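A.B. asks: Here you go, one structure.
The values are calculated or read from the model by the stated rules, or taken from the named source; none is laboratory data. Please read these numbers as outputs of a predicted model, since none were measured by experiment. Cβ placement follows ideal geometry from the backbone for every residue including glycine, while neighbour counts extend to all protein chains displayed. When the accessible area is computed, the model is the full protein with side chains, heavy atoms only, and any ligands, DNA or RNA have been set aside. Shrake-Rupley method; radii C 1.70, N 1.55, O 1.52, S 1.80 Å.
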Amino acid sequence: VTDYHLQLVQPPKGIGAREAGSAEEKATATFIFDTLSEIGYRTRKQVFTFGEAEQVSSNIIADSNGGDKPAIILAAHYDSTAAEQGSLGATDNGAGVAAMLAIAENLMQKLPSTYNVRFIAFGAEEVGLQGSRYYVQQLKERHPEQLKNIVAMINFDTIAGGDFVYVHSANTQPYDCADSNSIYNSESWVRDQLLKTSTKLLGAQDQYNIHPANNEFAEGVTGPWSDHAPFACQGIPVAYVESTNFTINGVDGYDGYSQSTHPALWDCFDSATLSACNRDKEEKWGNIWHTKHDKLSELEVLFPGRIQQQLEQNVKVLVEFLLTFQVPSN
């Protein structure tokens with residue numbers, strides 16, 4: 001997993017920043033396609049355009065089994081953002097893609113026979129979930145039977161770097177993308193199975209966490225800002241894994257947008273209140289995503305060994321989860 005991560009996010013040998021529609025994003029798509037194909041998966045590229053300028057991006061889709069077997073999706077977006085701020089997208093979302101590729105490699109040695117594991121690398125997530133929205137819309141319009149055949153979707157987005165790793169389910173209040181409330185799915189069983197698997201494999205100290213209720217969301221549920229949202233809106237149970245810190249009182253409260261208490265990520269951090277010393281003057285707010293800190297050269301100094309450990313733990317949990325996966329009986 002570390003090698004995949006370096007090839008994605010660490011120049012000059014790795015790609016680095018991968019803005020949506022850029023040559024670097026295209027190179028990343030090629031790298032992912034080639035890697036999944038070499039591992040042995042049935043891999044295809046789904047090209048789409050987005051924005052008024054009709055920029056081009058693509059989704060990379062790899063299946064473990066063909067036919068009409070029930071499908072479980074593990075997905076991660078591969079574009080990055082904030083290159084002008086110095087971000088190389090190491091956590092957002094090079095970490096998610098690297099772990100997905102490592103899971104695909106590990107799983108190839110013992111593929112499940114009763115269902116299909118589908119790995120999807122989504123393009124252009126940072127500019128409005130373009131890849132995942134396109135993928136779901138194409139299935140809805142052209143292959144509704146395939147859409148109904150998806151039994152679960154797991155979204156890997158920023159799974160390493162933050163102080164803790166969390167797993168969420170979709171919000172109980174339907175996202176705006178839902179066609180109707182009757183279709184929308186907010187079931188938590190995928191989240192709960194992942195939590196149980198992480199506890200079994202990682203123990204109490206390193207297991208996945210469920211965030212407490214806050215002013216906006218109930219315990220353990222999340223908003224529509226990543227690639228899980230279009231799936232929940234089409235009736236598919238989802239789980240979303242991310243690393244951050246919901247114990248911090250950030251700029252908008254306890255919403256998980258402050259990823260760490262590390263003092264280098266704050267103008268001044270008050271460990272007593274788990275917030276800024278001066279909330280009116282604070283500018284950094286413990287952020288890694290979309291900042292100059294989102295590159296391995298900085299993260300390894302701030303958190304020695306953390307990225308590699310969290311990546312390896314996520315790979316371990318998902319391999320076990322996918323090998324033992326069961327859809328709950330009604």
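A.B. asks: Could you tell me which residue of region 98-154 is modelled with the lowest pLDDT, considering only residues that are outside any strand (DSSP E or B), under 15 Å from Ala62 (Cα atoms) and among the polar types (S, T, N, Q)?
C.D. replies: So, considering only residues that are outside any strand (DSSP E or B), under 15 Å from Ala62 (Cα atoms) and among the polar types (S, T, N, Q), the one modelled with the lowest pLDDT is Gln146.
A.B. asks: Now for a different question. Any residue in region 292-304 that is closer than 13 Å to Gly16 by Cβ sitting within a Cβ distance under 8 Å of a residue that is of a type in the set (A, V, I, L, M) and in a helix (DSSP H, G or I)? List the pairs, counting only those 6 or more apart or interchain.
C.D. replies: Sorted first by the residue in region 292-304, then by its partner, the pairs are Asp294/Ala90; Lys295/Val9; Lys295/Ala90; Leu296/Leu6; Leu296/Val9; Leu296/Ala90; Leu296/Ile307.
A.B. asks: Next up: Name the residue that is farthest from Val319 (Cα to Cα), counting only residues in region 67-91 that are in a helix (DSSP H, G or I) and open to solvent by less than 10 Å² (accessible area, probe 1.4 Å).
C.D. replies: Here is the first cut: in region 67-91, the ones in a helix (DSSP H, G or I) are 83-85, 90-91.
Still in the running and open to solvent by less than 10 Å² (accessible area, probe 1.4 Å): 90-91.
Values: Ala90: 22, Thr91: 20 Å.
It comes out as Ala90.
A.B. asks: Give me the residue from region 271-300 that is among the β-branched types (Val, Ile, Thr) and closer than 20 Å to Gly94 by Cβ and, out of that set, least open to solvent (accessible area, probe 1.4 Å). It would help to see each step written out before you state the result.
C.D. replies: Looking only at region 271-300, we keep the residues that are among the β-branched types (Val, Ile, Thr), and these are 273, 288, 291.
Adding the requirement that they be closer than 20 Å to Gly94 by Cβ leaves 288, 291.
Numbers: Ile288: 2, Thr291: 28 Å².
Checking each candidate, the answer is Ile288.
A.B. asks: Go through region 1-29 residue by residue and tally those that are closer than 22 Å to Val136 by Cα, open to solvent by 20 Å² or more (accessible area, probe 1.4 Å) and part of a helix (DSSP H, G or I).
C.D. replies: Total satisfying the criteria: 1.
A.B. asks: Turning to a different aspect of this structure: Yes or no: region 44-53 includes at least one residue that is closer than 30 Å to Lys148 by Cα, free of Cβ contacts under 8 Å to residues at least 24 places away in the same chain, surrounded by fewer than 23 Cβ atoms within 10 Å (Cβ to Cβ) and of a type in the set (S, T, N, Q).
C.D. replies: Yes, the conditions are met somewhere in region 44-53.
A.B. asks: Could I ask something else about it? Specify which of the listed residues (Phe321, Phe325, Phe303, Phe246) is within 22 Å of the chain's Cα centre (by Cα), open to solvent by less than 50 Å² (accessible area, probe 1.4 Å), under 30 Å from Lys110 (Cβ atoms) and modelled with pLDDT of 95 or more. Don't jump to the end; show me each part of the working.
C.D. replies: Numbers: Phe325 fails: modelled with pLDDT of 95 or more; Phe303 fails: under 30 Å from Lys110 (Cβ atoms); Phe246 fails: under 30 Å from Lys110 (Cβ atoms).
Result: Phe321 is the single residue among Phe321, Phe325, Phe303, Phe246 that is within 22 Å of the chain's Cα centre (by Cα), open to solvent by less than 50 Å² (accessible area, probe 1.4 Å), under 30 Å from Lys110 (Cβ atoms) and modelled with pLDDT of 95 or more.
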